[in-house]
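The values are calculated or read from the model by the stated rules, or taken from the named source; none is laboratory data. These figures come from a predicted structure and were not determined experimentally. Counting neighbours? That spans all protein chains shown, and the Cβs are built from the backbone with ideal geometry, glycine included. When the accessible area is computed, the model is the full protein with side chains, heavy atoms only, and any ligands, DNA or RNA have been set aside. Shrake-Rupley method; radii C 1.70, N 1.55, O 1.52, S 1.80 Å.
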Amino acid sequence: MDKSEVCQMALHEVGEHDYVTGTPGYDACELYFRQTFLFLLKRHDWSFARKRVSLAKVDAGWALPEDCLSIVELSGLRRWRKYGAVIVPEVDGLVSGEVCVIYTSSEHAAMGYIPDDMPDFAQALIYHLAASIIGCVSGNEMKRQELLEKAEGVLREAMLMDAKQDASNDQHPLDLIMENSITA
């Protein structure tokens, strides 16, 4: 699903039907789309937005990728702090080897694209965007509250489904323990 589809559906939720350049609905979507998308990406470790890279060494530490919205996991350092887009190890935090980061990428928000296998996320984005733009289009505060409630309900379900899918695999839960058991 792309940005224009999301915006068209959000406009339908607020009673508008034209996603046309120069209209109040179009202008509101252009204003709020990216920020709303980023807001939802920060709410959960979405599997579709997750990336893993080795970090490049810079003078102060290691540079984070430009599209890093939030850090999920960092390996190669024991203790560290984030200063802007740089990871700086604390005095005793350095571990030998490469420094890798798993992070939530803002790339999908920049492209305005939601993968087809994430319809729950798309629906949450549609409701959140509709709640954001309704003030510019109609100003109906009761409808805004209704949209926010729907958005949060759909978002909770989307986060649960993503977490379940992300954690699922075809391995027996005791395989790892059985393979590493001490035998006589």
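Determine whether SER54 is over 25 Å from LYS164 (Cβ atoms) and in contact with an Asp or Glu (Cβ under 6 Å, 6 or more places away or on another chain). Spell out the reasoning first.
Working: over 25 Å from LYS164 (Cβ atoms): yes; in contact with an Asp or Glu (Cβ under 6 Å, 6 or more places away or on another chain): yes.
So SER54 passes the test.
From the set of residues in region 55-70 that are more than 28 Å from ARG34 (Cα to Cα) and not small (Gly, Ala, Ser), which is surrounded by the fewest Cβ atoms within 10 Å (Cβ to Cβ)? Break it down into steps so the answer makes sense when it comes.
Filtering region 55-70 down to residues more than 28 Å from ARG34 (Cα to Cα) leaves 57-61.
Now restrict to residues that are not small (Gly, Ala, Ser): 57-59.
Working: LYS57: 11, VAL58: 12, ASP59: 6.
So the residue we want is ASP59.
Of the set (1) charged (D, E, K, R); (2) farther than 17 Å from ALA131 by Cβ; (3) not in a loop (DSSP other than H, G, I, E, B), all apply to ASP18 but (3).
Return yes or no: is VAL137 within 23 Å of MET1 (Cβ to Cβ) and at pLDDT below 85? So VAL137 fits the description; yes.
Residues checked against (1) out of contact with any strand residue (DSSP E or B) (no Cβ under 9 Å at 6 or more places or on another chain); (2) touching a residue at least 60 places away in the same chain (Cβ under 8 Å); (3) among the polar types (S, T, N, Q):
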| site | (1), (2), (3) |
| --- | --- |
| HIS44 | no, yes, no |
| SER47 | yes, yes, yes |
| ARG52 | no, no, no |
| TRP62 | no, no, no |
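Report, by residue number, each residue of region 125-163 that is under 18 Å from MET9 (Cα atoms), open to solvent by less than 50 Å² (accessible area, probe 1.4 Å) and touching a Lys or Arg at 6+ places or on another chain (Cβ under 9 Å). Once the filter is applied, which keeps residues that are under 18 Å from MET9 (Cα atoms), open to solvent by less than 50 Å² (accessible area, probe 1.4 Å) and touching a Lys or Arg at 6+ places or on another chain (Cβ under 9 Å), region 125-163 yields TYR127, ALA130, ALA131, SER132, ILE134, LEU155.
Does SER96 satisfy the condition of being open to solvent by 80 Å² or more (accessible area, probe 1.4 Å), over 19 Å from PHE39 (Cβ atoms), of a type outside the set (Val, Ile, Thr) and modelled with pLDDT under 90? Even if it seems obvious, please write down each step before you answer.
Numbers: open to solvent by 80 Å² or more (accessible area, probe 1.4 Å): yes; over 19 Å from PHE39 (Cβ atoms): yes; of a type outside the set (Val, Ile, Thr): yes; modelled with pLDDT under 90: yes.
It is true that SER96 is open to solvent by 80 Å² or more (accessible area, probe 1.4 Å), over 19 Å from PHE39 (Cβ atoms), of a type outside the set (Val, Ile, Thr) and modelled with pLDDT under 90.
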